[in-house]
Amino acid sequence: MWHLRAVPCPLLATWLAVSAISCRSDQILSTPAASIPEFEQRLEDLRATSHIPAITAVISNGQQIVWVKAYGLSDLVAQRPAADTTVYHLASLTKPFAATVLLQLVQEGKVSLDDPVSMYGINLTSPAGTVIRVRHLLSHTSEGVPGTTYLYNGDRFGLLDAVIAQGAGKPLDAALQERILTPLGLLRTAPNPQSTSFAVSGLDKATFEGNMARGYTYSSNKYNLTAYPTYFGAAAGLTASALDVASFSMAMDRDALLQPATKALAYTPVVSPSGQIFPYGLGWFSTDYKGVRIIWHYGLWVANSSLIIKVPERGLTFVVLANTDALSATYPLGQGKLETSPWARLFLDTFVIGSLALPTTR
């Protein structure tokens, strides 16, 4: 579904295809990009070698969008080019949005991270003498002895719908609209149009869908039009433009959505009782990349994938959205291994580890 677990693949052809993509990606990323045009061309090369019809990518610096570019076709039949305003499915990139709503409720005293999930009608079993708490679902540490093991699991994260609904006194869709989407003016962000939750957006469904990238899978050397999942909840199902995702990120940076202490908690990796540092905080991955702290998340589901990378100490955000699963499917991102993503390495090695100057204006 929308969570990623390690699944062995016995098919040699599939292994060879993944290996070929990895090899081509390594060639593209042999050195950091030396100019903005070279960075842009490498993104296009990654898109082509990954067999993705369309991507839209954005970089923000401080409180300003400084670069945005769309590549490819968002609709192959209609030959509709991708645009900076094209809407994509976010898959698990929904989680940081939902986590922000939940953490707002924590700030307001309406939910406690230490509440047993049973208080919200969530019935999960755990070893005798242990209790699964809200923080465990939010940090993917609810399995086994709660708090001792990290295992990325979108199904369990999705159970937080019930916590948000009880704490907010309204369903996630309405709480998200009221607390984030409307205040930030995100008019190209809404729950999955194929779900009943889309109605809370107040947007015209036909117009919204007309601006969405169509979903595809690539197999047997061709693109196959693929229906998107219909789910919407805390774990997945939000749709948005890359510019709107960057706007959400910038709002996080200026503390418009969470108090600084709460945001710091969300961005801090969970530590087990034995001292093991997990790759996830509360709704966000937290990773050290070549000595720099990176806050990030990815999305992966049927015919869609996404990636957001935040560098808090520099106020930088990189967002890239796609209309196949190939941004994420071949990389163990659910294990917290951001360094395996060539998309992440291209941005980080060029602008964060490397010294290429960002554009000053869009």
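The values are calculated or read from the model by the stated rules, or taken from the named source; none is laboratory data. The structure displayed is predicted, hence computed values, not measured ones. Heads up, the Cβs are rebuilt from the backbone with ideal geometry, glycines too, and the neighbour counts pull from every protein chain shown. Heavy atoms of the whole protein, side chains included, go into the accessibility calculation; ligands, DNA and RNA do not. Shrake-Rupley method; radii C 1.70, N 1.55, O 1.52, S 1.80 Å.
Residue 222: which lysines have alpha carbons under 17 Å from its alpha carbon, excluding same-chain residues fewer than 8 sequence positions away?
none
Let me check I've understood the local charge: for residue 296, count other residues with C-beta under 13 angstrom from its C-beta, Lys and Arg +1, Asp and Glu -1. What total comes out?
Summing Lys and Arg as +1 and Asp and Glu as -1 gives +3.
Treating the angle as unsigned and between 0 and 90°, give the value, to the nearest 10°, between the Cα long axis of helix 36-49 and the longest Cα principal axis of the chain.
80
Can you give the FRET efficiency for residue 151 and residue 361, using 1/(1 + (r/R0)^6), R0 = 41 Å, r = Cβ-Cβ distance, to the nearest 0.05?
The formula returns an efficiency of 0.40 here.
Classify region 228-362 as rounded, prolate or oblate, taking a ≥ b ≥ c as the square roots of the eigenvalues of its Cα gyration tensor: rounded when a/c is under 1.5, otherwise prolate if a/b is larger than b/c and oblate if not.
rounded
Using a 10 angstrom cutoff on alpha carbons, build the Gaussian network for the chain and name the most mobile of 199, 78, 246.
Largest GNM mean-square fluctuation: 78.
Where a Cα-Cα gap under 19 Å defines reach, which aspartates and glutamates qualify for residue 337, not counting those fewer than 8 residues away within the same chain?
Excluding near neighbours in sequence, the set is 26, 288, 325, 349.
What is region 78-225 by shape, rounded, prolate or oblate, if you read a ≥ b ≥ c off the alpha carbon gyration tensor as root eigenvalues and call it rounded for a/c under 1.5, prolate for a/b larger than b/c, and oblate otherwise?
Oblate shape, in that a/c is at least 1.5 and b/c is the bigger or equal ratio.
Out of (1) 40; (2) 61; (3) 50, which label holds the value of percent of Cα pairs over 28 Å apart that was computed here?
Answer label, from the structure shown: (1).
For a quick check: with amide H placed at 1.01 Å from N, whose amide H comes under 5 Å from residue 303's, ignoring anything fewer than 5 positions away on the same chain?
Answer set, sorted by chain and number: 325.
Using the Cα gyration tensor of region 265-334, with a ≥ b ≥ c the square roots of its eigenvalues, what is the shape: rounded (a/c below 1.5), prolate (a/b larger than b/c) or oblate (neither)?
Because a/c hits 1.5 or more and a/b fails to exceed b/c, region 265-334 counts as oblate.
Hey, any idea what % of region 294-362's accessible area is carbon plus sulfur with a 1.4 Å probe?
52
What are the ³J(HN,Hα) values, in whole Hz, obtained from phi via the Karplus relation 6.51 cos²θ - 1.76 cosθ + 1.60 with θ = phi - 60°, for each residue of region 289-300 in sequence order, with x given for Gly and Pro?
Result, rounded to whole Hz: 10, 6, x, 10, 6, 10, 10, 7, 7, 10, x, 7.
At 1.4 Å probe radius, can you tell me the per residue accessible area of region 210-362 in Å²?
Value for region 210-362: 34 Å² per residue.
When the chain is treated as a GNM, springs tying every alpha-carbon pair under 10 Å, which of 167, 315, 291 comes out with the largest mean-square fluctuation?
For the chain, modelled as a Gaussian network with Cα springs under 10 Å, the answer is 291.
I want to verify a result. In a Gaussian network model of the chain, Cα cutoff 10 Å, which of these has the top mean-square fluctuation: 274, 341, 30?
274
Taking only DSSP H segments of four or more residues, each worth -39500 (n - 2.57), what value at 222 nm results for the chain once the sum is divided by all its residues, to the nearest 500 deg cm²/dmol?
The helix-only estimate for the chain comes to -8000 deg cm²/dmol at 222 nm.
What is the packing order of peptides 155-162, 119-126, taking the mean over residues of other C-beta atoms within 10 Å and listing the highest first?
155-162, 119-126
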